[in-house]
1. Residue by residue through the range 84-104, note down the ones that are buried (at least 22 other Cβ atoms within 10 Å of the Cβ) and touching a Phe, Trp or Tyr at 6+ places or on another chain (Cβ under 9 Å).
2. Can you find a residue in the range 491-502 that is open to solvent by 30 Å² or more (accessible area, probe 1.4 Å) and more than 16 Å from the ligand (Cβ to nearest atom)?
3. Checking R233 against (1) open to solvent by 30 Å² or more (accessible area, probe 1.4 Å); (2) without any contact (Cβ under 8 Å) to a residue 24 or more places away in the chain; (3) assigned to a helix (DSSP H, G or I); (4) of a type outside the set (S, T, Y), which test does it fail?
4. Determine if the range 486-494 includes at least one residue that is modelled with pLDDT of 85 or more, over 30 Å from K341 (Cβ atoms) and touching a strand residue (DSSP E or B) at 6+ places or on another chain (Cβ under 7 Å).
5. Which members of the range 363-372 meet the condition of being open to solvent by 60 Å² or more (accessible area, probe 1.4 Å) and in a helix (DSSP H, G or I)?
6. Can you pull out every residue in the range 531-558 that is within 14 Å of the ligand (Cβ to nearest atom) and either open to solvent by 10 Å² or more (accessible area, probe 1.4 Å) or free of Cβ contacts under 8 Å to residues at least 24 places away in the same chain (or both)?
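The values are calculated or read from the model by the stated rules, or taken from the named source; none is laboratory data. Small disclaimer: the values here were computed from a predicted structure and weren't measured. Glycine gets a Cβ as well: all are built from the backbone with ideal geometry, and neighbour counts include every protein chain shown. With ligands, DNA and RNA removed, areas are computed over all heavy atoms of the protein, side chains included. Shrake-Rupley method; radii C 1.70, N 1.55, O 1.52, S 1.80 Å.
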Amino acid sequence: MRYPPTLLIIATKKLTAECCGYPISIFFIVVNEFCERFSYYGMRAVLVLYFRYFLLWDDDLATSIYHAFVALCYLTPILGAIIADSWLGKFKTIIYLSIVYAIGQVTMAISTIHDITDANRDGTPDNFTFHIALSMLGLILIALGTGGIKPCVAAFGGDQFQEHQSRQLNTFFSVFYLCINAGSLLSTLITPVLRVVFIAGSGMYVKTDPEGNIMWSVCKCIGFAIKNRFRHRSSSYPKREHWMDWANEKYDKLLIAQIKMVLKVLFLYIPLPMFWTLFDQKGSRWTLQATTMSGDFGAFILQPDQMQTVNPILILTLVPIMDRLIFPLIQKCGLNFSPLKRMTVGMLFAAMAFVSAALVQIEIDKTLPNFPSSSESQLKVVNTYSTTLNVTISPNEHLLIESFGVQLHTSKHTYSTISYVKSKPREGKNAIRRDFVLRHGEQWCEFSRKFGFGASYTFLIPSTVFSDDCESITEVEDMKPNSVHMALQIPQYFLITTGEVMFSVTGLQFSYSQAPKNMKSVLQAGWLCTNAVGNIIVLIVAELGKLPKQWAEYLLFASLLVAVSIIFSIMAYFYTYIDPAEIEAQVRKEQGLEPEEMEKETLEMEEKDEDQKNEQGVKQTKI
Ligand SMILES: C[C@H](N)C(=O)N[C@@H](CC(=O)O)C(=O)O
């Protein structure tokens, strides 16, 4: 027994204004995406350093919370898709969640004002709990906003195209990706203001109504199929072609066919999170790696977090090159570079990027001093005499450690120094880059010297310093400047970005093209979830796997991705590309329904007592 759909909506396709074959409305959508990514990446670029140097968390905690936030941003798309499909529709969801998003950005910005709790005006917040709580609230709102609108925007963009515009639809996803990266490149905080552009296009959009709680219908249908299959587990019941066919007794054939399409794609997505695991470490591990490198490019000094802009810059150049040159060339050579093959190659590029990061790390490690572990201390003794002194530390002697200095009492002498260094200077910077002036009352002198990035020095300043114009200052280098140049990170950025173009742009198009019409946002949310899971994997591997050497962790991630890409290529080999519209039309024909009148069909089922229906279904099967 099958229950007919209770609600039938006849959709009217709005005639959209076109320019060069494209609906004009997509202009507003891509500009909106530019602004949104502008805001998101502007904040995300500095996030790990905010955790590290404002909230004073250690590298591992900063990395973990960063990835937890990114994971949340890519989990909330499920919520966004539910709200859009079952309640507000894509357009209103984008508007309302953008407001939540803007409130989140403001909250986050307020949390960074240390003056709010800095009563003693020493430049450090007095109440870290307040700042942490506020920033976490801000981040949760941002995640809700950015993630909530993300599956809607791409699907909403796709919805604007008519059937005759399939070529333009493919180009749309490339342009869409270009805008994401242009936004990411030019990130600043004015974005929430610019976002009104999206509303300006309101009159031109094709706005499809929410189609009922599609996610809920899907879950109920899957649940029923599983239960029904279990009830008929005995071998006396004939097997069915697909396990979802066990929902036939109660659910519409069209819904079952659509769920089969979505499940096929979601199954294929299982290995994909590993790509994002590597990709999103640009913002955490790679940025922290850059803090131990030199950003001196002669004409300008690049900050470690600015290094991330290499990614969108490369995207802006690589997407057109790939779309217009490489992919057509491969096609001309007679090679079938199908979307799933592109995605596999993309994964291999990302793995190579991590091998490159490991090689750079090995170079950096050669230049780093040996920092004391948490169970060790470091003691530095500076000899200010002109003769050689022997220092003997007897195991029984008493060591007195003061806050800014170390005093060493040995059996023979007492020396004192003013340095106590246990890590590289913050963000690879020195407190002083050039020149400092010493003052005492009316007297002053200037010490002139260019200090290297990430170096640490101790200055011994004698009382005669003003009489010889700072000449008598003795400088001791506690830690050498960063000598490995940030330019060495460019190959890893190039490899990961090439991988991204092949993997992410293709994945976005693939997710849209393989989704049934009423489940485009659902599948976009599924695609974005692979990103969320990827970030959760970083948390697990970085926290549990704690490898003693960073380069070893990079190699571990690269090897995992190679293994996963092999599994994915096998799964892809067995995947058959489908045309959802064709399948839907075929099912409708089988059901004797006219395609025009079923342009849009909600699959809201009558709320009847579940057990009663199951019983009827079982009885019918037995008959
Ligand atoms: C800035 C990145 N190159 C990028 O384009 N990211 C995409 C894909 C993703 O990370 O989900 C985006 O922000 O949508």
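1. We begin by selecting, within the range 84-104, every residue buried (at least 22 other Cβ atoms within 10 Å of the Cβ); these are 84-85, 90, 93-94, 97-98, 101, 104.
Across the range 84-104, the qualifying residues are A84, K90, T93, I94, S98, Y101.
2. Applying the first criterion (open to solvent by 30 Å² or more (accessible area, probe 1.4 Å)) to the range 491-502 yields 491, 494-495.
Subset that is more than 16 Å from the ligand (Cβ to nearest atom): 491.
For the range 491-502, residues open to solvent by 30 Å² or more (accessible area, probe 1.4 Å) and more than 16 Å from the ligand (Cβ to nearest atom): present.
3. That leaves (3) as the condition not met.
4. In the first step, residues of the range 486-494 are kept if they are modelled with pLDDT of 85 or more; the result is 486-494.
Next, only the ones that are over 30 Å from K341 (Cβ atoms) stay: 486-488.
Keeping just the survivors that are touching a strand residue (DSSP E or B) at 6+ places or on another chain (Cβ under 7 Å) gives 486.
Checked against the condition, which is being modelled with pLDDT of 85 or more, over 30 Å from K341 (Cβ atoms) and touching a strand residue (DSSP E or B) at 6+ places or on another chain (Cβ under 7 Å), the range 486-494 yields at least one hit.
5. From the range 363-372, those open to solvent by 60 Å² or more (accessible area, probe 1.4 Å) are 363, 366, 370-371; that's our starting set.
Those that are open to solvent by 60 Å² or more (accessible area, probe 1.4 Å) and in a helix (DSSP H, G or I): E363, K366.
6. Here is the first cut: in the range 531-558, the ones within 14 Å of the ligand (Cβ to nearest atom) are 531-535, 538.
Result: V533, single match.
A quick yes/no check of all residues on (1) exposed (fewer than 13 other Cβ atoms within 10 Å of the Cβ); (2) modelled with pLDDT of 70 or more:
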residue: G201; (1), (2): no, no
residue: V206; (1), (2): no, yes
residue: G212; (1), (2): no, no
residue: M215; (1), (2): no, yes
residue: A225; (1), (2): no, yes
residue: P238; (1), (2): yes, yes
residue: W243; (1), (2): no, yes
residue: N248; (1), (2): no, yes
residue: Y251; (1), (2): no, yes
